[in-house]
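Novice: The following block contains the structure, expressed as structure tokens.
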């Protein structure tokens, strides 16, 4: 079974977000990781390969730094990778991203496309769905358990107090949710072998695309206001209740 | 003109560091205090180490190991030691026992003995030291006498790392006592060989989880093809193996020191006295600055030694400097970390007193720091 895994390099979950002088998100001193939900997808793909054979191809869009994330996926056990890297892709919207990815997948042989259900940076959860639409493939999202039977995938989705079981024919786009698996670390041997694996870099031109105007543009970023310290109301109960009510109605204006 | 010194790690080295750091943070640190208290390594953790290739760092991939070079080994050992020195020592001791085979073993021997400690997940032990032969290693009294197709080994080895739990024991014994150092030979004694017995696990000050004990060899028979290299080559092999492993001891020392520094820094940020974090006081700032200066200096000595080793340059002096300096730094920095934490540093609910106990052995084993200084001086006057 051949699997394509789409990964995105994101900030570490513990990264402190800061803006540059011209209002962009600064990546100074930030640890970059594989989007954690994409990492579940990588792990799942490798497990399927180990059980059923086939090849796992990593596809990512990003700058040169994204190679680090790709090498990690290769070190975990993926077989080869494609990095779509082009200055014109620096600020694309989800529509363009899905279109470019779909084009990059043209001509690849796959039975399954796996990726995370959402990226932890922009949290849009748009690209997998759009990609499935463009490719005309069925999709199953936010999957916590995946079983493959001949020609179909049985996908479990967890809701409040219940599990929904979906069945989709393959090939399909399936997105991973936390709980799908516990990703492995790359082994030392895997790390040493990763540099020998194929990592193909392609530009928009290589894909036969030209720089396309994004349909949505980012106008600016703002940091959330710093949280104010809490207030402690002190005194006798009768007095503190009065103070609290006054605070809630007049200052916080929540009642 | 040579180019500028490049202090960056390569992408691959960064990946090794990241992996080992994550592994130490998630798998080792959470159980480190418990293992220390119980004086026992977590067997599940040892299995995980092997699974990820952290247990046979120096063994080439073709013999089931991870095939790291000296710099890679130092990167990984530092991170493991940051998690728990006992775990790092377990891995480093296995690597030490593999070196004589890598240096002088036949292909058949490497195929027979190395895969079980790589993919197989087993440990190995380097058995040189005896009760009366520590720094003066050439004076060992263990003997190996050849009878036909076998050697019969007798003797007792002291302070053997991984003593009770190794797949094989790399034993140094004299095949000709009249030749002193030149009569020493190296043998592989597999686990389960009749006559191979274990003493009681030693109760130690530091690296308490590591399995260190006496090994007793009583009429132990091994086939002649378990002789590593030639008869009489053992002492040279032992010294070469210790040389190769020495930057790694420096790296482990730096790992312990770095962990202690980070614990002290975090504490200085959080602990408030006189109305402000103690890190606001210049006294504490000075202590922390001194600590990190020494840690960084030690790390550079370690990498220098590992780089020279890897480039095929003379590295004996550099390795001795790295080992002695880094372990002295570890002792000093861990002691200072305890001081920064004050009373909390002294109790076993915080990790820093463990760092201080663990640091001490780094100044003692694999050549005491006094011997290292003699090695350095010998190179100076050579």
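Every read-out reported here was derived from the displayed coordinates using simple, explicitly stated rules and does not represent laboratory data. From a predicted model like this one, the values you see are computed outputs, not experimental measurements. Quick reminder, even Gly has a Cβ in these numbers, built from the backbone with ideal geometry, and neighbours come from all protein chains shown.
Novice: Which number comes out as Rg/Rh for the stretch B:271-382 once both Rg and the Kirkwood Rh are worked out on C-alpha atoms?
Specialist: Working: Rg = 17.2 Å, Rh = 15.7 Å.
Taking Rg over the Kirkwood Rh, I get 1.10.
Novice: Right, here's the next one. Kindly work out what percent of the DSSP beta bridges joining two residues of chain B are antiparallel, to the nearest 5.
Specialist: DSSP beta bridges in chain B are roughly 85 percent antiparallel.
Novice: Run the simple label-point estimate for residue A:25 and residue A:152 please: 7 Å along Cα→C-beta, distance reported in nm.
Specialist: Label-label distance for residue A:25 and residue A:152, simple model: 3.9 nm.
Novice: Same structure, new question: What FRET efficiency do you get for residue A:242 and residue A:217 if R0 is 56 Å and r is their Cβ-Cβ distance, rounded to the nearest 0.05?
Specialist: Calculated value: 0.65.
Novice: For the stretch B:57-174, give me the percentage of DSSP beta bridges that are antiparallel, rounded to the nearest 5 percent. Don't skip to the end; give the middle numbers.
Specialist: Numbers: 6 of 12 bridges.
Of those bridges, close to 50 percent are antiparallel.
Novice: Turning to a different aspect of this structure: Decide, for the stretch B:1-112, between rounded, prolate and oblate: order the square roots of the alpha carbon gyration tensor eigenvalues as a ≥ b ≥ c, take rounded if a/c falls under 1.5, and otherwise choose prolate if a/b is larger than b/c, else oblate.
Specialist: Since a/c reaches 1.5 but b/c is at least a/b, the shape of the stretch B:1-112 is classed as oblate.
Novice: While we're looking at this one, here's another question. Starting from the Cα of residue B:131, step 7 Å along the direction of its Cβ; do the same at residue A:167; then give the gap between the two resulting points in nm.
Specialist: 7.4
Novice: By how many nm would the segment from residue B:300 to residue B:145 lengthen if fully extended, with 0.36 nm per residue of separation less the alpha-carbon distance?
Specialist: 51.3 nm
Novice: How high is the relative contact order of chain B, in percent, counting Cα pairs under 8 Å that sit 6 or more residues apart?
Specialist: Here the relative contact order equals 16 percent.
Novice: Take the Cα coordinates of chain A, assign each an equal point scatterer, and use the Debye formula without solvent to give log10 I(q)/I(0) at q = 0.09, 0.11, 0.12, 0.14 Å⁻¹.
Specialist: Log10 I(q)/I(0), no solvent term: -0.48, -0.66, -0.75, -0.95.
Novice: Something else now. Please give the contour-minus-distance gain from residue B:219 to residue B:111: 0.36 nm per residue of separation, less the Cα-Cα distance, rounded to one decimal in nm.
Specialist: 36.3 nm
Novice: Just for the protein assembly as shown, what percent of DSSP beta bridges are antiparallel, to the closest 5?
Specialist: Rounded to the nearest five, the antiparallel share is 60 percent.
Novice: Sorted by mean Cβ packing within 10 Å, highest first, what order do the peptides A:77-90, B:82-95 take?
Specialist: So the peptides A:77-90, B:82-95, ranked by packing, come out B:82-95, A:77-90.
Novice: I need to check one value: relative contact order of the stretch B:296-382, counting alpha carbon pairs closer than 8 Å and at least 6 residues apart, in percent.
Specialist: 31
Novice: What number do you get for the protein assembly as shown when its Cα radius of gyration is normalised by 2.2 N^0.38 Å, N = residues? Please report the intermediate quantities before stating the final value.
Specialist: Working: Rg = 29.1 Å, N = 637, 2.2 N^0.38 = 25.6 Å.
Working it through for the protein assembly as shown, the quotient is 1.14.
Novice: Evaluate the Debye formula for chain B with equal point scatterers sitting on the alpha carbons, no solvent, and hand back log10 of I(q)/I(0) at q = 0.06, 0.07, 0.14, 0.15 Å⁻¹, in q order, two decimals.
Specialist: The Cα Debye sum returns log10 ratios of -0.23, -0.31, -1.18, -1.33.
Novice: How far apart, in nanometres, would the label points at residue B:198 and residue A:121 be if each is projected 7 angstrom from Cα along the Cα-to-Cβ direction?
Specialist: Label at residue B:198, label at residue A:121, 5.1 nm between them.
Novice: Something else now. How do the peptides A:216-224, B:156-164, A:235-243 rank, highest first, by the average count of neighbouring beta carbon atoms within 10 Å per residue?
Specialist: B:156-164, A:235-243, A:216-224
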